[in-house]
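Taking it in order: structure first as structure tokens, then the write-up.
The values are calculated or read from the model by the stated rules, or taken from the named source; none is laboratory data. Since we're looking at a predicted model, the values are computed, not measured. Quick reminder, even Gly has a Cβ in these numbers, built from the backbone with ideal geometry, and neighbours come from all protein chains shown.
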């Protein structure tokens, strides 16, 4: 009888989707997802729930972005003299070049199928996609959108007078002017702004330094993740596992299997020793791990304390999330309160929600407005009451305020997107590319370099450009060396908790405006395409199977709370209604190899 009811629900869902308005209602029933900012180099900032174009009128409350920042639907990430990398929970990755703005328009999950719709508002970005069954991934930039249905790497450029996409590996479909254009490896499509007849498909130009940097990042993450998955109890991709392999060691713990501990910590180390606190009204207080490995252990699984070993992290837990590492949480800790104040206890894998935390005797840490301080003794008879989450005034948001990014005026011809790659750096950039280590590093160069025709590309990226005429980028933000982070120095700009508790924390400066506003007005961007009907129909069938006891996609899935942008209407696409066959989905399940 249960199976019949589930089948009837699936058929009913398909019937609803066949109607115009019901498709929007079904899309609105998706679950919110949380992804992470997995790499920060130089000046990177973000804003939440920006309405409309984030480059118009400089509206929105912007903050300085830090490594392992949780990103949800409605966020916007912008780079100035820096680069950024975003890792999605299914293995997809997004890479932002300098002076680029990326909006996370739609991050939703329906029965394990991940819908990702992004808008590149400005600049250049590269994307690695390896979708699992039921996933949908699209990027909109300028006058067209692209959607990837199989394992694909592509680059999109969005400038004042047009936009282009280059396929590095795989295949994708461009949606422009009511038509679908299939593109494959080494093909490029460009379209001038407002000129439908200018659509041009040609051979992609040679890879430039930004493409090489992205390729190196994909290779390193893939290698580390594949090596680390041997310690996982799930075959699904898990964001952050590669970092654990690089920055710590696994050890067997009786009754819990493989557990993890970071390199270089002593017996007195506690999970909340280094990081920062960030408040989002959607999920509350979140702990942002300041170390390169500080994503997975602070949002999934639980902690164990073993005499002679100290604190170790277990992939299981998260209040019975089931499969892989369970459900995302703002912090792997339990909030408690007594007459003496507020405390936090590292979550135990076997904790029961609302019950006294099992690690209470092993680690109770005091919480003040400046963060988490030292361990508190648990007095006999003292009662600590579990809280769902602390009040807004218990902690203090520790991310620095920032101004809105300014629009950078660039053209396709001036950037060379046809025939050669777009320039991704500027002459006065504060970061340079180390070709030996295949990564960006902070430049300590302070000398002035004249702008002439004979100036080399490396001096353009590493020196401060000055001349007798107008200096491009005048008034650009200069971040102190302690704030800039390269791939080898990805710790957050937050002192240890002990320093914060003792009042030795320096005031975090605001990030100034990057440059004067460019005279070019914002160029309208087409609406992101709707999710193809084939994908939506497939999810209804999957939902019927799940309700009848069938398996669904596990792993590090999104939170099960409603989408914060559920009220936003799903825009109709002029060419996004083509059916997506199930054979087009990669069988790799989103694993980055």
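With 274, 237, 279 as the choices, which residue is at pLDDT 90 or above and in the same structural domain as residue 371 (by TED's automatic domain parsing)?
Numbers: 274 fails: at pLDDT 90 or above; 237 fails: at pLDDT 90 or above.
Answer to the check: 279.
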message: I'd like to know if the range 250-273 contains one or more residues that are in a strand (DSSP E or B) and free of Cβ contacts under 8 Å to residues at least 24 places away in the same chain.
response: yes
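Kindly check whether there is at least one residue in the range 143-154 that is more than 22 Å from the chain's Cα centre (by Cα) and either assigned by TED's automatic domain parsing to the domain that holds residue 33 or free of Cβ contacts under 8 Å to residues at least 60 places away in the same chain (or both).
At the first step, the residues of the range 143-154 found to be more than 22 Å from the chain's Cα centre (by Cα) are 143-144.
From the residues that got through so far, the ones that are either assigned by TED's automatic domain parsing to the domain that holds residue 33 or free of Cβ contacts under 8 Å to residues at least 60 places away in the same chain (or both) too are 143-144.
Checked against the condition, which is being more than 22 Å from the chain's Cα centre (by Cα) and either assigned by TED's automatic domain parsing to the domain that holds residue 33 or free of Cβ contacts under 8 Å to residues at least 60 places away in the same chain (or both), the range 143-154 yields at least one hit.
If only one of 277, 285 is buried (at least 23 other Cβ atoms within 10 Å of the Cβ), in contact with a strand residue (DSSP E or B) (Cβ under 7 Å, 6 or more places away or on another chain), in contact (Cβ under 8 Å) with a residue 60 or more places away in the chain and not in a loop (DSSP other than H, G, I, E, B), which one is it?
Numbers: 285 fails: buried (at least 23 other Cβ atoms within 10 Å of the Cβ).
That would be 277, the only listed residue that is buried (at least 23 other Cβ atoms within 10 Å of the Cβ), in contact with a strand residue (DSSP E or B) (Cβ under 7 Å, 6 or more places away or on another chain), in contact (Cβ under 8 Å) with a residue 60 or more places away in the chain and not in a loop (DSSP other than H, G, I, E, B).
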message: I'd like to check which strands (runs of 3 or more DSSP E) are fully inside the range 52-96 and have at least 3 residues that are more than 11 Å from the chain's Cα centre (by Cα) and under 23 Å from residue 289 (Cβ atoms).
response: 62-64, 76-87
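Going through 34, 71 one at a time, which residue ends up being modelled with pLDDT under 95, in contact with a strand residue (DSSP E or B) (Cβ under 7 Å, 6 or more places away or on another chain) and under 17 Å from residue 328 (Cβ atoms)? Steps first, please.
Working: 71 fails: modelled with pLDDT under 95.
Being modelled with pLDDT under 95, in contact with a strand residue (DSSP E or B) (Cβ under 7 Å, 6 or more places away or on another chain) and under 17 Å from residue 328 (Cβ atoms) holds for just one of 34, 71, which is 34.
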query: Is it the case that residue 102 is under 24 Å from residue 399 (Cα atoms), assigned to a strand (DSSP E or B) and either in contact with a strand residue (DSSP E or B) (Cβ under 9 Å, 6 or more places away or on another chain) or free of Cβ contacts under 8 Å to residues at least 12 places away in the same chain (or both)?
result: yes
